[in-house]
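Quick note: the coordinates plus some simple rules give every number you see, no bench work behind them. Computed from a predicted model, the values in this text were never measured in an experiment. So basically every Cβ, Gly included, is an ideal-geometry build from the backbone, and we count neighbours across all protein chains shown.
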Amino acid sequence: MIEKNVLCTICARKGSKGLKNKNYLDLLGKPLIVHTIDQAKKVKFITKIVVSTNSNRIINISKNKVHYCVKRPQKLSNDYASKIDVIKHALIKTEKKFKLRFNTIIDLDVTSPLRSICDIEKALKFFLKKKYGNLVSGSIARKNPFFNQVMYKGKYLDLVCNSKKIIVRRQNAPIVYDLNASIYIWKRKNLIQSKKLITRKTALFKMPYIKSIDIDDQFDFNMVKIILTKINK
């Protein structure tokens, strides 16, 4: 059963080192952030949608499409700011504005427009079915730290993770997942108390790799554009 008072946060600060101004780049005729806003508006379980940003341009793009734009303070707008702290700030500001206490908070990342409305609704239902504190989404990793990921340990290379048994092919390595920065969900209490993303009460919502491309650079943007163009045909 879906709880009442579900807050959806969409976090989008100005600037980007990998791809300049990516949050409002034109993608198939509309700013990138609007793809996520449009998805959120079609999810029937969401009560309020808010955008957290330090950009006046993003506010102007979003203000007539969402319930509230939260102006983010400078201390939550730099490269070292925790996304969890940004979402907490948006939650508290929104609760004060609407005099409403939210039970569940879902964050949709602007740079992951390949998820579907069905993915969002399935993730919410999956999360609320069990006694999870929070949820992250991800896909099976294409590289594996037990087999083909290495790092320097002292002067020499070694596998990131070592296993007691010899692993001669990736398929025999323990399954690991890449977080895809697409969907995050918290119970209110867990968000307020949380300082890190992964805890013993964290659930994983599995998504296919094709829906897990996170736009960090021009190549990612071009790939997403190609895929969305094919989906929309």
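Which of TYR209, TYR156 comes first, and how do the rest follow, when ranked by fewest Cβ neighbours within 10 Å? Numbers along the way, then the final one.
Details: TYR209 12, TYR156 7.
Exposure proxy ranking, most exposed first: TYR156, TYR209.
With +1 on each Lys and Arg Cβ and -1 on each Asp and Glu Cβ, and nothing else charged, work out how big the dipole of the chain is about its Cα centre, in Debye to the nearest 20.
On the way: 50 positive and 16 negative charges, 160 e Å.
Taking the Cα centre of the chain as origin, the dipole is about 760 debye.
Within segment 120-156, what residues put their amide N at less than 15 Å from the label point 7 Å along the Cα-to-Cβ vector of LYS201?
Only 127-136 fall inside the zone, counting backbone N under 15 Å.
Using modelled backbone amide H atoms (1.01 Å from N, in-plane), which distant-in-sequence or interchain residues come within less than 5 Å of SER52's amide H?
Answer set, sorted by chain and number: ILE10, CYS11, ALA12, VAL70.
Rank ILE210, ILE166, ILE117 by mean-square fluctuation in a GNM of the chain with C-alpha springs under 10 angstrom and give only the top-ranked residue.
ILE166
Just the number, please: Stokes-Einstein D of segment 1-138 in µm²/s, Kirkwood Rh from C-alpha pairs, 20 °C, 1.002 mPa s. Write down the numbers at each step before the final one.
Numbers: Rh = 15.4 Å.
Rounded, D is 139 µm²/s.
Could you compute how fast segment 126-227 diffuses translationally, taking Rh as the Kirkwood radius over C-alpha pairs and applying Stokes-Einstein at 20 °C with viscosity 1.002 mPa s? Give it in µm² per second. Don't skip to the answer; put the middle values down first.
On the way: Rh = 16.1 Å.
Estimated via Stokes-Einstein, D reaches 133 µm²/s.
Starting from the 7 Å offset along Cα-to-Cβ, what nm value, one decimal, do you get for the label separation of TYR156 and PHE98?
Rounded to a tenth, the inter-label distance reads 5.8 nm.
What's the center-to-center distance, using Cα atoms, between segment 119-145 and segment 166-233 in Å?
Result: 9 Å between the Cα centres.
Would you kindly derive the ³J(HN,Hα) couplings of segment 173-188 from the backbone phi angles with the Karplus curve 6.51 cos²θ - 1.76 cosθ + 1.60 (θ = phi - 60°), listing them in order in whole Hz, with x for Gly and Pro?
Computed from phi, the couplings for segment 173-188 are 7, x, 6, 10, 10, 8, 5, 9, 6, 9, 10, 10, 9, 9, 6, 3 Hz.
How would you rank 217-230, 100-113, highest first, on the average number of other Cβ atoms within 10 Å across their residues?
Numbers: 217-230: 13.8, 100-113: 21.1.
Taking the mean over residues of other Cβ atoms within 10 Å, the ranking is 100-113, 217-230.
Give the long-range amide H neighbours of TYR177: residues separated by 5 or more places, or on another chain, with amide H under 5 Å away, using H modelled in the peptide plane at 1.01 Å from N.
ALA141
With no solvent and one point on each alpha carbon, what is the Debye value of log10 I(q)/I(0) for the chain at q = 0.16, 0.18 Å⁻¹?
Results for the chain at q = 0.16, 0.18 Å⁻¹ read -1.19, -1.41.
Given a Förster distance of 22 Å, report the FRET efficiency between ILE59 and ASP85 from their Cβ-Cβ distance, rounded to the nearest 0.05. Don't skip to the answer; put the middle values down first.
Numbers: r = 20 Å, r/R0 = 0.91.
Computed FRET efficiency for ILE59 and ASP85 comes out at 0.65.
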